[in-house]
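Engineer: Please find one structure pasted underneath; my questions will follow.
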Amino acid sequence: MGRLIAISNRTATQSANRAGGLAVAVWESLKSTGGVWAGWSGEISPGEPDGPRTLSDEGVEFLLTDLSQDEHDAYYLGYANSVLWPVFHYRVDLATFDAEAFKVYAAVNQRIAAMVAGRLVPGDSVWVHDYHFLLMGDSLRRAGWTGPIGFFLHIPFPSPEIFRALPEHPWIARAMCAFNVIGFQSEQDRSNFTRYLVEEFHGEERGEGEIAVFGTTVKAKAYPIGIDAEGFREASNSELAQQAEARIGRFLGNRLLVIGVDRMDYSKGLPQRFEAVGELFDVHRELHGNVSVTQIAPPSRSKVDEYKELRVELDRLAGRINGDYGDLDWIPLRYLARSYQREELAGLFKIARVGLVTPLRDGMNLVAKEFVMAQEEDDPGVLILSEFAGAAEQLTAALIVNPHDRAKLAETIHLALTMSLDERQHRWRSLRDIVVSQDINWWRNRFLKDLHGLQSV
Ligand code: ADQ
């Protein structure tokens with residue numbers, strides 16, 4: 001089998017970026033297949049970026065480029081994070097449409113394509129990741145590469161009505177069809193993309209996910225991403241996990257722990273979650289002093305204004321709940337705006353009675369799967385999962401909620417806190433079976449099988 005070449009904006013050489021599910025997943029898959037990982041170095045160069053740098057780590061070779069200040073502002077902060085991210089998460093209202101930013105976005109796709117194309121040899125397969133590089137298939141073709149190119153979208157693909165809000169949608173769709181295989185997190189995303197091509201460009205579905213459109217054929221399928229399930233279980237039994245358990249245990253006492261762990265992002269539904277927690281304590285006074293909610297949410301992409309506003313909003317909501325109900329020896333809602341190591345999170349998940357995973361939109365959400373793997377069979381916690389997370393298609397034994405329905409969410413937390421051991425075990429076993437059988441290797445193998453099936457293109 002030829003080499004695998006992965007292209008993604010961030011690469012795992014940047015430890016600051018390892019809080020993202022993308023980095024964890026790609027790193028795991030590249031390490032096990034051996035490969036090359038191309039992307040942004042994380043550095044901004046004062047002038048035009050120099051040629052690429054290479055380095056290697058644990059058998060993975062990195063091919064990295066700096067971004068110019070203009071590229072960083074217009075491609076990364078601009079088009080990717082202030083247009084595509086909000087629109088693909090159904091927040092057209094938050095998008096700052098900017099035709100100039102799109103030009104820079106396209107130019108960065110082309111520049112990185114040229115950097116990678118020069119290194120490709122026949123037999124290689126290219127695997128492009130995420131919304132930063134929607135045009136990469138087309139850019140690589142223009143740079144002369146004729147071999148297989150797969151693409152995996154880690155975030156949702158919106159319904160056609162929302163996608164059409166993007167002024168550049170016809171160009172993006174046409175460029176995406178230069179990929180041979182397009183992977184989505186969920187059936188919902190796949191069907192949104194297919195429906196768009198059918199409605200807008202008279203695409204024809206040919207079965208097996210194949211769509212004939214723009215004079216070519218593209219394969220669009222759902223490949224729900226998994227986690228390193230056994231690795232996470234081990235992490236939950238590690239020394240660091242036990243230390244984290246002991247530390248939070250001193251604060252918890254006999255109280256039940258409800259935990260949420262998310263990057264601070266408006267897609268994660270944190271204000272709605274905090275409001276539901278407020279409602280829980282408004283309605284269920286018997287829980288006062290007996291339940292502690294801890295939300296861990298480290299800021300990310302913090303240079304974008306909406307995230308700063310979100311932080312202010314969360315501070316306000318947590319202040320209200322703790323001001324109303326907190327006592328000398330009880331803080332109802334603890335909110336920690338910082339990052340923890342994977343093992344520490346695993347330890348916290350393990351002793352939690354309830355995991356709150358309630359994004360307004362999420363491609364998959366790996367925290368839901370990690371929470372499941374950290375539980376112990378003799379006393380498992382309950383997962384509450386948003387119907388708008390890709391994970392909801394697989395994790396049907398979770399308590400599935402609409403995160404906008406504050407009263408229902410509050411009642412669902414109550415239900416989870418009072419659920420019998422028998423039901424908790426029953427639900428958890430079926431969740432565990434899915435997370436274990438559909439893990440990161442299952443995801444990678446399914447995708448690469450389809451990509452490698454194309455060696456002859
Ligand atoms: P993210 O939006 O980053 O990923 P998610 O899938 O939840 O979301 O992955 C987050 C990862 O970061 C998890 O491994 C989690 O443990 C870790 N993490 C979260 N908060 C942390 C904290 N406070 N400290 C340390 N680590 C933390 C994008 C898409 C998702 C998709 C993934 C993978 O938005 O929908 O599931 O890619 O495809």
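The values are calculated or read from the model by the stated rules, or taken from the named source; none is laboratory data. Owing to the predicted nature of the structure, the values given are computational and were not obtained by experimental measurement. Glycine also receives a Cβ, built like all others from the backbone with ideal geometry; neighbour counts cover every protein chain displayed.
Engineer: Would you be able to say whether some residue in region 338-350 is away from the ligand (no atom under 16 Å from the Cβ) and either hydrophobic (A, V, I, L, M, F, W, C) or within 30 Å of Asn237 (Cβ to Cβ) (or both)?
Structural biologist: Looking only at region 338-350, we keep the residues that are away from the ligand (no atom under 16 Å from the Cβ), and these are none.
Scanning region 338-350, I find no residue that is away from the ligand (no atom under 16 Å from the Cβ) and either hydrophobic (A, V, I, L, M, F, W, C) or within 30 Å of Asn237 (Cβ to Cβ) (or both), so the answer is no.
Engineer: Here are some residues: Glu71, Glu48. Which one is acidic (Asp, Glu), outside the structural domain of Phe388 (by TED's automatic domain parsing) and closer than 28 Å to Gly363 by Cβ?
Structural biologist: The conditions single out Glu71.
Engineer: Then there is this: Among the residues in region 296-309, are any surrounded by fewer than 16 Cβ atoms within 10 Å (Cβ to Cβ) and within 22 Å of Leu383 (Cα to Cα)?
Structural biologist: yes
Engineer: Given (1) assigned to a helix (DSSP H, G or I); (2) within 27 Å of His452 (Cα to Cα); (3) modelled with pLDDT of 90 or more, identify the lone condition not met by Ala80.
Structural biologist: (2)
Engineer: Hey, can you tell me all the residues within region 181-210 that are in contact with a helix residue (DSSP H, G or I) (Cβ under 6 Å, 6 or more places away or on another chain) and without any contact (Cβ under 8 Å) to a residue 24 or more places away in the chain?
Structural biologist: Gly203
Engineer: Something else about it: Go through (1) crowded, with 20+ Cβ neighbours inside 10 Å; (2) modelled with pLDDT of 95 or more; (3) not β-branched (Val, Ile, Thr) and name the single condition His169 misses.
Structural biologist: Only one criterion is unmet by His169, namely (1).
Engineer: Which residues, taken from region 225-241, are under 30 Å from Ile172 (Cα atoms), touching an Asp or Glu at 6+ places or on another chain (Cβ under 7 Å) and not small (Gly, Ala, Ser)? Lay out the reasoning, then the answer.
Structural biologist: So in region 225-241, the residues under 30 Å from Ile172 (Cα atoms) come out as 225-227.
This time we only want the ones that are touching an Asp or Glu at 6+ places or on another chain (Cβ under 7 Å), so: 226-227.
The one that is under 30 Å from Ile172 (Cα atoms), touching an Asp or Glu at 6+ places or on another chain (Cβ under 7 Å) and not small (Gly, Ala, Ser): Ile227.
Engineer: Scan Glu275, Glu245, Glu344 and give me the residue that is more than 25 Å from the chain's Cα centre (by Cα), modelled with pLDDT of 95 or more and either in the same structural domain as Gly381 (by TED's automatic domain parsing) or more than 30 Å from Asn81 (Cβ to Cβ) (or both). Working first, answer last.
Structural biologist: Values: Glu275 fails: more than 25 Å from the chain's Cα centre (by Cα); Glu344 fails: more than 25 Å from the chain's Cα centre (by Cα).
From the options Glu275, Glu245, Glu344, the qualifying one is Glu245.
Engineer: Looking for whichever is assigned by TED's automatic domain parsing to the domain that holds His129, touching a Gly at 6+ places or on another chain (Cβ under 7 Å) and among the hydrophobic types (A, V, I, L, M, F, W, C) here; the options are Phe214, Phe193, Phe179. Which one fits?
Structural biologist: It is Phe179.
Engineer: Within region 375-387, take every residue that is buried (at least 24 other Cβ atoms within 10 Å of the Cβ) and touching a residue at least 40 places away in the same chain (Cβ under 8 Å) and give me the one that is farthest from Lys268 (Cα to Cα).
Structural biologist: Residue satisfying both the conditions and the ranking: Gln375.
Engineer: Further question: Of the residues Leu385, Leu360, which single one is hydrophobic (A, V, I, L, M, F, W, C), in a strand (DSSP E or B) and within 16 Å of the ligand (Cβ to nearest atom)?
Structural biologist: Being hydrophobic (A, V, I, L, M, F, W, C), in a strand (DSSP E or B) and within 16 Å of the ligand (Cβ to nearest atom) holds for just one of Leu385, Leu360, which is Leu385.
Engineer: Tell me which of these Val293 doesn't satisfy, since it passes every other one: (1) within 13 Å of Ile413 (Cβ to Cβ); (2) assigned to a helix (DSSP H, G or I).
Structural biologist: Among (1) within 13 Å of Ile413 (Cβ to Cβ); (2) assigned to a helix (DSSP H, G or I), the lone unmet condition for Val293 is (2).
Engineer: How many of the residues in region 369-409 are within 13 Å of Gln425 (Cα to Cα) and of a type in the set (S, T, N, Q)?
Structural biologist: 1
Engineer: Here is a follow-up. Being more than 13 Å from the ligand (Cβ to nearest atom) and out of contact with any Lys or Arg (no Cβ under 6 Å at 6 or more places or on another chain) is the filter here; which residues of region 363-381 pass it?
Structural biologist: Listed by number, the residues that qualify are Gln375, Glu376, Glu377, Asp378, Asp379.
Engineer: Let me ask something else about it. List the number of the failed condition for Leu395; all other conditions in (1) in a strand (DSSP E or B); (2) under 23 Å from Arg190 (Cα atoms) hold.
Structural biologist: (1)
Engineer: Oh, and also: Give the number of residues within region 244-269 that are assigned to a helix (DSSP H, G or I), in contact (Cβ under 8 Å) with a residue 24 or more places away in the chain and either under 26 Å from Gly390 (Cα atoms) or out of contact with any Gly (no Cβ under 7 Å at 6 or more places or on another chain) (or both).
Structural biologist: Going through region 244-269 one residue at a time, the tally reaches 7.
Engineer: I'd like to verify a number: residues in region 349-372 that are charged (D, E, K, R), within 14 Å of Ser267 (Cβ to Cβ) and crowded, with 24+ Cβ neighbours inside 10 Å, how many?
Structural biologist: Final tally of qualifying residues: 1.
Engineer: Within region 270-279, does at least one residue satisfy the condition of being of a type in the set (Asp, Glu), more than 15 Å from the ligand (Cβ to nearest atom), in contact (Cβ under 8 Å) with a residue 60 or more places away in the chain and not in a strand (DSSP E or B)?
Structural biologist: Yes.
Engineer: Can you find a residue that is in the same structural domain as His414 (by TED's automatic domain parsing), among the hydroxyl-bearing types (Ser, Thr, Tyr), within 14 Å of the ligand (Cβ to nearest atom) and at pLDDT below 95 anywhere in region 285-297?
Structural biologist: Among the residues of region 285-297, not one is in the same structural domain as His414 (by TED's automatic domain parsing), among the hydroxyl-bearing types (Ser, Thr, Tyr), within 14 Å of the ligand (Cβ to nearest atom) and at pLDDT below 95, which makes the answer no.
Engineer: Do the conditions hold for Phe447, that is, is it aromatic (Phe, Trp, Tyr) and in the same structural domain as Ser125 (by TED's automatic domain parsing)?
Structural biologist: Answer is yes for this residue.
Engineer: I've got another one for you. Quick one: Lys303 ticks every box in (1) assigned to a loop (DSSP other than H, G, I, E, B); (2) modelled with pLDDT under 95; (3) within 25 Å of Pro86 (Cα to Cα); (4) within 13 Å of the ligand (Cβ to nearest atom) bar one, so which box is it?
Structural biologist: The number of the failed condition is (4).
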